[in-house]
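Okay, so here's the structure we're looking at.
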Amino acid sequence: MDHRIIGSFEGAVADNESIHIRLPFRLTPVETQFLVKHKIGRTVEAPQKMRACQPLVSYEVYRSLRKERISNQMEAYKMRKRESLESMVDKIIEGKRKKGRGIIPDRDAIIQNELAKIISLPFELIQQDYKEPWLKKDDYVPFDYAPPSTYLEKLKFLVFEDFHTNRKYFLTSGIKFGGHFLAYPGDPSKYHAEYIIFCEERDRKVTELFQKALDRLAHGVKKTLLIASLSEERNQLKYRKTRTNF
């Protein structure tokens, strides 16, 4: 978030009540190109391992890791169960007392008895790793991430760089609103997008009909449509703010 890079989380950790997003974190090509160009991040690969035809590890290693993860899940589940029991143990004791069940165990004994009944998980989570569990640091080598090559890729990168670096906006994908980017004046979790940015290709100009359609959509969601392009004379970035009346 310090670099206003949004990306998207691909992982999840679930409990009994909800699912929480977690690493790994997926970046778009333009976000990756930006981080590499400005030396904020670097890209690596493990060609000797990832291109091999044989499995990266033996079945015994895989089974050991799976067993360890299930054990960790069980530990986390019992911890949440303990918290739940601690909040209701007084009611359990009161219920036993009303039923006249002889000697009533103390709080800790009741909690331990309930936890001892858990011999297996009611579910098993599928864990997504935020780093490759089979590879070591020495397996990675630098990888030259391809810079923008086509006209549209270059235009999208320049727009991203301009709004990110010069205008201090957050940018996310604008595909759900028919554009290439959504521009937020602040943290997208706290602000609404201000602009829908559409990048116009040099050999596929935006027609009047298409522009009206985009403008109507932007107007309907209370955003401003910007059409970005490069000037043919100096190859400079320029924006066209539309003002269609409805």
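I'd like to know if region 188-195 contains one or more residues that are in contact with a helix residue (DSSP H, G or I) (Cβ under 7 Å, 6 or more places away or on another chain), of a type outside the set (S, T, N, Q) and in contact (Cβ under 8 Å) with a residue 24 or more places away in the chain. No: region 188-195 contains no residue that is in contact with a helix residue (DSSP H, G or I) (Cβ under 7 Å, 6 or more places away or on another chain), of a type outside the set (S, T, N, Q) and in contact (Cβ under 8 Å) with a residue 24 or more places away in the chain.
Consider region 97-128 and keep the residues that are part of a loop (DSSP other than H, G, I, E, B) and surrounded by 13 or more Cβ atoms within 10 Å (Cβ to Cβ). The one that is modelled with the lowest pLDDT is Gln128. Filtering region 7-58 to residues that are over 17 Å from Phe170 (Cβ atoms), at pLDDT 70 or above and assigned to a loop (DSSP other than H, G, I, E, B) leaves Lys39, Gly41, Arg42, Thr43, Ala46, Ser58. Look at (1) closer than 18 Å to Phe34 by Cβ; (2) surrounded by 10 or more Cβ atoms within 10 Å (Cβ to Cβ) and you find that Glu132 fails only one, number (1).
Taking the criterion of being in a loop (DSSP other than H, G, I, E, B) and over 12 Å from Glu200 (Cβ atoms), the residues of region 216-231 that qualify are Val221, Lys222, Lys223. In this structure, Leu214 qualifies as open to solvent by less than 40 Å² (accessible area, probe 1.4 Å) and farther than 27 Å from His3 by Cα.
The residues of region 147-169 that are in contact with a helix residue (DSSP H, G or I) (Cβ under 8 Å, 6 or more places away or on another chain) and not basic (Lys, Arg), listed by number, are Pro147, Pro148, Glu153, Phe157, Phe160, Glu161, His164, Tyr169.
Can you confirm whether Phe160 is assigned to a helix (DSSP H, G or I) and either out of contact with any Gly (no Cβ under 9 Å at 6 or more places or on another chain) or open to solvent by 90 Å² or more (accessible area, probe 1.4 Å) (or both)? Criteria met by Phe160. Note on region 170-187: residues that are buried (at least 17 other Cβ atoms within 10 Å of the Cβ) and within 19 Å of the chain's Cα centre (by Cα) amount to 9.
Considering the conditions (1) touching a strand residue (DSSP E or B) at 6+ places or on another chain (Cβ under 9 Å); (2) over 28 Å from Lys37 (Cβ atoms), Thr207 is excluded by exactly one of them, (1).
Residues in region 217-244 that are open to solvent by less than 20 Å² (accessible area, probe 1.4 Å), in contact with a Lys or Arg (Cβ under 7 Å, 6 or more places away or on another chain) and closer than 18 Å to Leu182 by Cα: 3 in all.
The values are calculated or read from the model by the stated rules, or taken from the named source; none is laboratory data. Since we're looking at a predicted model, the values are computed, not measured. Note: ideal-geometry Cβ built from the backbone for every residue, glycine included; neighbour counts use all protein chains shown. Just so you know, the surface numbers come from the protein's heavy atoms only, side chains and all, with ligands and any DNA or RNA stripped out. Shrake-Rupley method; radii C 1.70, N 1.55, O 1.52, S 1.80 Å.
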